[in-house]
1. What do you get for Rg/Rh of the chain when both radii come from the Cα atoms and Rh is the Kirkwood radius?
2. Could you sort Cys192, Cys311 by their accessible area in this structure, using a 1.4 Å probe and putting the largest first?
3. Could you tally the net charge around Gly219, taking each other residue with its Cβ under 11 Å from the Cβ of Gly219, Lys/Arg +1 and Asp/Glu -1?
4. Once the mean 1/r over all distinct Cα pairs of the stretch 203-341 is inverted, what Kirkwood radius in angstroms do you read off?
5. Quote the FRET efficiency, to the nearest 0.05, computed for Phe66 versus Tyr292 with a Förster distance R0 of 35 Å and r equal to the Cβ-Cβ distance.
6. Provide Arg98, Arg105 ordered by accessible surface of protein heavy atoms (probe 1.4 Å), highest first.
7. So what does Tyr309 come to for accessible area, using a 1.4 Å probe and Å² rounded to 10?
8. Subtract the Cα-Cα distance of Val332 and Ser300 from 0.36 nm times their separation in residues, and report this length gain in nm to one decimal.
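The values are calculated or read from the model by the stated rules, or taken from the named source; none is laboratory data. What you see is a predicted model; the values in this text were computed from it and never measured. So basically every Cβ, Gly included, is an ideal-geometry build from the backbone, and we count neighbours across all protein chains shown. SASA here: full protein model, heavy atoms, side chains in, ligands and nucleic acids out. Shrake-Rupley method; radii C 1.70, N 1.55, O 1.52, S 1.80 Å.
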Amino acid sequence: MQFVILGVAAFALSGLLTGPVRALAIKLSVLDLPNMARKTQLEPVPYLGGVAIAISIISVTYGAIFYADNTKTTFPLVTYALLPAAVLGLMGLIDDLRGLPPLPRLITQTSVAILVAIFMLHRDIDAMPFGGHLINDIINVVWIVAICNSINFFDNLDGGAAGSVAISTLGIAIIASNQGQELVTALSVVTCGATVGFLLWNKSPAKIYMGDAGALFLGVLVAVLTIRLNPGITPKFNSIAILPMLLAVPILDTCIAVFSRLRRGISPFTGGKDHLSHRLIRKNFSKRGSAYSLWSMQSSFVVIALIVYSCSGTLGTPGVVLAGVYWLGAFVWFWRIPSTD
């Protein structure tokens, strides 16, 4: 019941804050203008929705900690997840307001990921058990940077990123709750609630976008949550395989976009209409239909992850194989759709 209260509180606060933040963005003319070929909206749409998401998650989380009077044990562990998310969210906000080149963004993301890995080493938190702190740290850094950019890349459709993050964090919360990881559960539930609250404003036709401030904040937070999640099943490979399943569609979107750009000889950081949502629209899906389709895909991967977790002795390995074949099949199907109009 405490987790439910946290989720509802984050949902309500995010939904209530997004309206005033939208009004402020319009007043300050922080708008996403339909002035590029890759833009799909017909009218200017305000940014800064990520500010409402971040404030909601941070406020509800720390409010719950102080209310429970459990700051000595949980405050540092929560901060190591929320502080790096806030730092990159701030960088994303600067990018929304002024624009930043890709290289400084990548350097900042990598630096933050390294600090998170060092902190986990200092706290003796073994996140991904590949044997040896150095290997774990390298994998953690790569994972954080990759997921951070995947969520940012995936924010290219009304409700696409917010809905998928909500689905992913719900899956994380279910497994973490079963494993007795109360802090991971609480943060996941709060993130799920905040993104659903924001989705009330962000679903098609979107009244506000989360912008880089929200995408980078959520990207780091979800990356850290998956790193800390310990499904605890055997064999160990199946336990590790659950983590990318929980973020399968954003990872798929990034792979499709990056590989198609490399094939065309352009920078992976160049924006374009080559994401999953754009390809679905070329298949005559509406924006809303594209969002529903991607949410359904993400939900199906999360369901497979839950089956692998709950039936590890019988369906664990077959479930991992099914998820891999499903992902590769989706990659081939989307790859065959033209990358440009």
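1. A ratio of 0.95.
2. Result, largest first: Cys311, Cys192.
3. Neighbour charge sum, excluding Gly219 itself: -2.
4. It works out to 16.5 Å.
5. 0.35
6. Descending order: Arg98, Arg105.
7. 30 Å²
8. Gain on extension, Val332 to Ser300, equals 9.7 nm.
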